[in-house]
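This report concerns only the one structure given below.
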Amino acid sequence: MGERRAGTVGLALPGVSVQLLNDEGNSVPNGETGEIYLRGPNVFRGYWRREEATSDAFMNGFFRTGDLATRSADGYYTLCGRKTDLIISGGFNIYPREIEEFLQAQPEITEAAVIGVPDELRGEIPVAFVVARSAFDALCMERRCRDNLASFKAPQKFVVLDKLPRNALGNIQKHLLSRNACS
């Protein structure tokens, strides 16, 4: 139902209730980022024999997806990333997906993954792991990031890898990247 809009996942399905909530459990206004909470016949009832995990995953009958999104005034949702991927640097929220999409649009980069690594001054800083298709100049890429993204979103370090670690489903395993962040 509804028109297709590039970059969005569309409208909520019929019979599915969606809420976007902040960390305090309050609704966020249209255009602001919040965590997606779902309720409907398509949502599972809980984890098998794991009552504590089920209790943690639900709030007031809504399932906490862990996905971050914004909602337009007419109800279209745009995913921003995962709550566990959120980087907080100097009090600013950084969504790795935005940086990854910018990096992957660069001609010398095949794929990119961005994670937050601990920093004494800022709490966390973004570090980019890239697979390059041609010669890669980290200083040039950092400058390009600063010219096109907010300065606090520019990766503080670039790590070039032959390939990004993936699981059997093909998803990038970001938790494995943190081992290479400081080397």
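Would you be able to say whether some residue in the stretch 122-132 is more than 20 Å from the chain's Cα centre (by Cα) and crowded, with 17+ Cβ neighbours inside 10 Å?
The first filter runs over the stretch 122-132 and keeps only residues more than 20 Å from the chain's Cα centre (by Cα), leaving 132.
From the residues that got through so far, the ones that are crowded, with 17+ Cβ neighbours inside 10 Å too are 132.
Yes.
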Requested in this report: Identify the residue in the stretch 1-24 that is more than 17 Å from ALA73 (Cα to Cα) and surrounded by fewer than 12 Cβ atoms within 10 Å (Cβ to Cβ) and, among all such residues, is nearest to the chain's Cα centre (by Cα).
Outcome: ASP23
**Report entry** Odd one out for GLY46, checked against (1) within 25 Å of SER151 (Cα to Cα); (2) out of contact with any Phe, Trp or Tyr (no Cβ under 6 Å at 6 or more places or on another chain); (3) surrounded by 13 or more Cβ atoms within 10 Å (Cβ to Cβ); (4) not assigned by TED's automatic domain parsing to the domain that holds GLY116
**Finding:** (1)
Query raised in the report: Could you say which residue among ALA113, ALA168, ALA135 is among the small types (Gly, Ala, Ser), in contact (Cβ under 8 Å) with a residue 40 or more places away in the chain and either in contact with a helix residue (DSSP H, G or I) (Cβ under 9 Å, 6 or more places away or on another chain) or more than 17 Å from PRO96 (Cβ to Cβ) (or both)?
Result: ALA113
Report task. Return yes or no: is MET1 more than 26 Å from GLU124 (Cα to Cα), modelled with pLDDT under 90 and not assigned by TED's automatic domain parsing to the domain that holds LEU176? Result -> yes
Report task. Mind listing just one residue for me: the one in the stretch 100-121 that is under 16 Å from ILE172 (Cα atoms) and charged (D, E, K, R) and, of those, surrounded by the fewest Cβ atoms within 10 Å (Cβ to Cβ)? Result -> GLU101
Report summary line: Per the list (1) touching a strand residue (DSSP E or B) at 6+ places or on another chain (Cβ under 7 Å); (2) at pLDDT 90 or above, residue check on GLY7 breaks on (2)
Query raised in the report: Within the stretch 110-124, is even one residue assigned by TED's automatic domain parsing to the domain that holds LEU149, at pLDDT below 95 and of a type in the set (Ser, Thr, Tyr)?
Result: no
Query raised in the report: Which one of these is buried (at least 19 other Cβ atoms within 10 Å of the Cβ), closer than 26 Å to ARG4 by Cβ and either basic (Lys, Arg) or at pLDDT 90 or above (or both): ARG39, ARG71, ARG97, ARG82?
Result: ARG71
Query raised in the report: Do we find a residue being of a type in the set (S, T, N, Q) and without any contact (Cβ under 8 Å) to a residue 60 or more places away in the chain anywhere in the stretch 3-18?
Result: yes
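Can you tell me which residues in the stretch 26-45 are farther than 13 Å from TYR77 by Cβ, in a loop (DSSP other than H, G, I, E, B) and in contact with a strand residue (DSSP E or B) (Cβ under 7 Å, 6 or more places away or on another chain)? It would help to see each step written out before you state the result.
Within the stretch 26-45, the first condition is being farther than 13 Å from TYR77 by Cβ, and the residues that meet it are 26-27, 29, 39-45.
Restricting the remaining residues to those that are in a loop (DSSP other than H, G, I, E, B) gives 26, 29, 40-45.
Residues satisfying the conditions are GLY40, VAL43.
The values are calculated or read from the model by the stated rules, or taken from the named source; none is laboratory data. Predicted model only: the values in this text are computed from it and were never measured. Cβ coordinates were reconstructed from backbone atoms using ideal geometry, including for glycine residues, and neighbour counts include every protein chain displayed.
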